[in-house]
Amino acid sequence: MAGVLVLNATFEPLAVVPTRRAICLVLARKVEMLEASGRLVRSERLAVDEPSVVRLSRYVHVPYPKHRSPNRRGVLARDVHTCQYCGGMAETIDHVVPRSRGGCHTWDNVVAACRRCNGGKRDRLVGETTMRLARQPGPPPPSTWIEVAAGSVPTTWAPYLLDGRRSA
Ligand SMILES: [Zn+2]
């Protein structure tokens, strides 16, 4: 159970909240329901559609955590669990410029990699191997953190999280 995706008034993904919290927001008319899960939630007095995606009625300004440093789950979510060297299933993160060669632990120097590529590259630069990067890494879009918070992305959320990188 992933919870409920909350969008800002501008449809920008903001957060994931527990279902009960989302129902309170719907009942208080602080949010409008965009997608229902298809299930009903019953309380003593009423039965309501269980929300899956809701949108705030009023815009809130949320500072985007630009300085959040990369972690494994975030990098894997940004790169859609795809090894940036061979296109296989990635389980690890690799420093493009190895830390032993002065590479930093920053978003533009970490990529998702499968164990084989990560182990094969060792402490070499990409140019010293026959490997090629699928694309230059960079800071993740905000929706990356939604995926990390939820653990998984229900199909009803997908249209609201699209930011082009899957079609890139
Ligand atoms: Zn690989």
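The values are calculated or read from the model by the stated rules, or taken from the named source; none is laboratory data. From a predicted model like this one, the values you see are computed outputs, not experimental measurements. As a convention, Cβ positions derive from the backbone with ideal geometry for all residues, glycine included, and neighbour counts pool all protein chains shown. Note: accessible area is taken over every heavy atom of the protein model, side chains too, but ligands, DNA and RNA are not part of it. Shrake-Rupley method; radii C 1.70, N 1.55, O 1.52, S 1.80 Å.
For the range 70-87, just list the computed ³J(HN,Hα) in residue order, Karplus coefficients 6.51, -1.76 and 1.60, θ = phi - 60°, integers in Hz, with x standing in for Gly and Pro.
x, 10, 4, 5, x, 5, 5, 5, 4, 8, 6, 6, 10, 4, 7, 9, 10, x
What Kirkwood hydrodynamic radius, in Å, does the range 74-168 give when the mean of 1/r is taken over all pairs of distinct Cα atoms and then inverted?
Numbers: mean 1/r = 0.0718 Å⁻¹.
13.9 Å is the Kirkwood radius here.
How large is the helix-only mean residue ellipticity at 222 nm for the chain, computed as the sum of -39500 (n - 2.57) over DSSP H runs with n ≥ 4, divided by its residue count, in deg cm²/dmol to the nearest 500?
Details: 5 runs with 35 residues, N = 168.
So the calculated ellipticity at 222 nm is -5000 deg cm²/dmol.
In nm, what is the difference between 0.36 nm times the number of residues separating R42 and S69 and their Cα-Cα distance? The partial results should precede the final answer.
Details: separation 27, 0.36 × 27 = 9.72 nm, distance 4.13 nm.
Full extension of this stretch gives 5.6 nm more.
Per the Debye formula with a single identical scatterer at each Cα and no solvent contribution, what log10 I(q)/I(0) holds for the range 12-146 at q = 0.14, 0.15, 0.21 Å⁻¹?
The computed values of log10 I(q)/I(0) come out as -0.73, -0.77, -1.13.
What Kirkwood radius, in Å to one decimal, follows from the Cα pairs of the range 23-79?
Details: mean 1/r = 0.0702 Å⁻¹.
Averaging 1/r across every pair of different Cα atoms and inverting gives 14.2 Å.
What is the antiparallel percent of DSSP beta bridges lying wholly in the range 1-115, to the nearest 5? Could you put the intermediate results ahead of the total?
Numbers: 17 of 20 bridges.
The answer is about 85 percent antiparallel.
At 1.4 Å probe size, with the rest of the protein present, what percent of the exposed accessible area of the chain is carbon and sulfur atoms? It would help to have the intermediate numbers written out before the result.
Details: 5400 of 10100 Å².
Carbon plus sulfur share of accessible area: 53 percent.
Taking the Cα centre of the chain as the origin and placing charges on Cβ (Lys, Arg +1; Asp, Glu -1), which of W145, V26, V126 is farthest toward the positive end of the dipole?
Of the options given, the answer is V126.
Normalised by the residues of the range 1-82, what does the relative contact order come to in percent, with Cα pairs under 8 Å and at least six apart? Write out the running numbers ahead of the final one.
Numbers: 112 pairs, mean separation 24.4, N = 82.
About 30 percent, as a whole number.
Can you give me the distance in nm between label points at V62 and C86, each placed 7 Å from the Cα along the Cα-to-Cβ direction?
Spacing of the two 7 Å Cα→Cβ label points: 3.7 nm.
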